[in-house]
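To start, the structure itself, in structure tokens.
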Amino acid sequence: MGNLLLVGGEVITPLEERFTDLLIENDVVAAINGGGDEKPEKAETLDVSGCYVTPGLIDLQVNGNEPCNFWGDPEPAQVEALCRRMLQSGVTAFLPTLITDDLQHMNKNISFLQSLGVGKEGALTFGVRMPGLHLEGPCISPKRPGVHPPQHLKPLNIEVLKQIVTPIVLLVTVAPELDGKGEALAWLKEKGVTVSLGHSNATCDEANAAFERGIRMMTHTFNALPPLHHRDPGAVAAALLDDRVSCCIICDGLHLDPTAVRLILKSKTAQRTILVTDIAQVGTSHGGLVGSSLYLDEAVRNVVQWQAATFPEAIRMSTWNAACAVGLAEKFGKIAVGRQADLVVWDKASLAIKHVIVAGKRIS
């Protein structure tokens with residue numbers, strides 16, 4: 001694989017911003033100053049003046065899209081089509097997400113995704129990194145199931161978790177009030193699995209207890225949770241007030257009104273907010289909220305257009321914060337020397353994606 005020199009762009013790492021050249025050698029970032037005054041030998045030059053250069057986007061909640069449904073019985077060709085569309089939207093890493101289902105079927109799909117390379121360190125599956133799985137259910141509240149089939153809901157206990165939590169599972173969404181003694185949460189923590197509060201009817205006190213037991217995320221904040229009420233603030237208020245907790249948000253203008261997004265960001269700031277899509281095959285195309293029809297680059301543009309966040313803040317929320325939340329900060333979400341060269345080049349004026357680079361290779 002050859003070298004690539006990106007010249008004249010504004011690099012957002014996203015922990016800092018500067019105008020500089022960026023040298024890629026093989027599949028890693030070799031220098032963030034272009035490697036000196038002279039062009040490296042045998043390096044292709046890509047003029048990115050008038051552009052932002054950012055890490056590849058990371059989506060922690062991907063149920064599928066029009067050609068692919070992770071809730072059903074996906075085929076490799078359908079997953080490949082999904083991955084191609086993810087790359088077009090600047091997503092270079094994502095977590096396939098399985099919702100509540102019959103445990104046998106969940107395990108079938110877990111095995112299928114593992115056979116494609118999901119969870120394999122450093123692997124590219126159809127050109128995209130899928131470092132692990134997100135299990136959204138089945139240990140969620142029967143009072144807040146959303147579209148999850150109620151007949152397949154399970155109690156939150158170690159016996160159930162042992163049947164579905166394999167080494168490729170990075171993230172699990174649960175209703176923590178179902179685990180009164182915290183034994184299941186302790187087991188997940190011991191296994192190195194990130195736990196997120198979601199599809200939960202937890203009171204404010206129950207949510208605070210869960211945060212004390214180690215939960216540090218909230219799944220699609222406000223959605224499938226008790227509404228924020230001045231006499232019964234619920235789990236959302238607890239998450240907004242706890243500086244240890246990151247709130248995931250779906251910024252399609254349907255799951256959350258732009259004003260609600262600004263409220264969340266006013267409380268959590270860009271340091272404790274994560275952009276996700278919850279994209280699904282059904283999505284919002286038929287008027288319901290069955291997942292979304294949103295791609296992550298659209299979410300980035302939306303929060304900027306809504307004046308809820310700056311572009312660098314939106315990038316942080318869709319790269320570094322996501323990587324940190326699920327224990328991937330050593331590998332993903334940041335531009336630094338020696339890191340994998342998974343990058344996106346954005347037009348400054350329109351915030352449209354101009355180029356996507358994965359493992360040092362320009363794919364668009």
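With respect to Ile58, determine if the residue is surrounded by 17 or more Cβ atoms within 10 Å (Cβ to Cβ) and either at pLDDT below 95 or in contact with a helix residue (DSSP H, G or I) (Cβ under 6 Å, 6 or more places away or on another chain) (or both). Criteria met by Ile58. Scanning region 321-331 finds no residues that are touching a helix residue (DSSP H, G or I) at 6+ places or on another chain (Cβ under 7 Å) and at pLDDT below 95. Applying the criterion of being closer than 21 Å to Arg144 by Cβ and acidic (Asp, Glu) to the residues of region 180-210, the residue that is most open to solvent (accessible area, probe 1.4 Å) is Asp205. For beta carbons closer than 7 Å, sequence separation of 6+ or different chains, a first residue in region 255-280 that is in contact (Cβ under 8 Å) with a residue 24 or more places away in the chain and a second that is acidic (Asp, Glu) and outside any loop (DSSP other than H, G, I, E, B), the qualifying pairs are Ala270/Glu313; Val276/Asp59; Thr277/Asp59.
Taking the condition of being among the small types (Gly, Ala, Ser), more than 22 Å from Ser49 (Cβ to Cβ) and in a loop (DSSP other than H, G, I, E, B), how many residues in region 319-364 meet it? Number of matching residues: 6.
Residues in region 141-171 that are closer than 21 Å to Val290 by Cβ and of a type in the set (Val, Ile, Thr): Val147 alone. Pull up region 125-149, narrow it to residues that are surrounded by fewer than 18 Cβ atoms within 10 Å (Cβ to Cβ) and not small (Gly, Ala, Ser), then point me to the one that is farthest from Ala77 (Cα to Cα). So the residue we want is Lys143.
Given the criteria under 14 Å from Asp101 (Cα atoms), at pLDDT 95 or above and of a type in the set (Val, Ile, Thr), does Ile164 qualify? Spelling it out, Ile164 is indeed under 14 Å from Asp101 (Cα atoms), at pLDDT 95 or above and of a type in the set (Val, Ile, Thr).
Residues in region 207-253 that are touching a Ser or Thr at 6+ places or on another chain (Cβ under 8 Å), farther than 18 Å from Leu265 by Cβ, outside any loop (DSSP other than H, G, I, E, B) and of a type outside the set (A, V, I, L, M): Gly234 alone.
The values are calculated or read from the model by the stated rules, or taken from the named source; none is laboratory data. Please read all numbers here as calculations on a predicted model, not as lab measurements. Positions of Cβ are backbone-derived with ideal geometry, glycine not excepted, and every protein chain shown enters the neighbour counts. Keep in mind that these areas ignore ligands, DNA and RNA; they rest on the heavy atoms of the full protein, side chains included. Shrake-Rupley method; radii C 1.70, N 1.55, O 1.52, S 1.80 Å.
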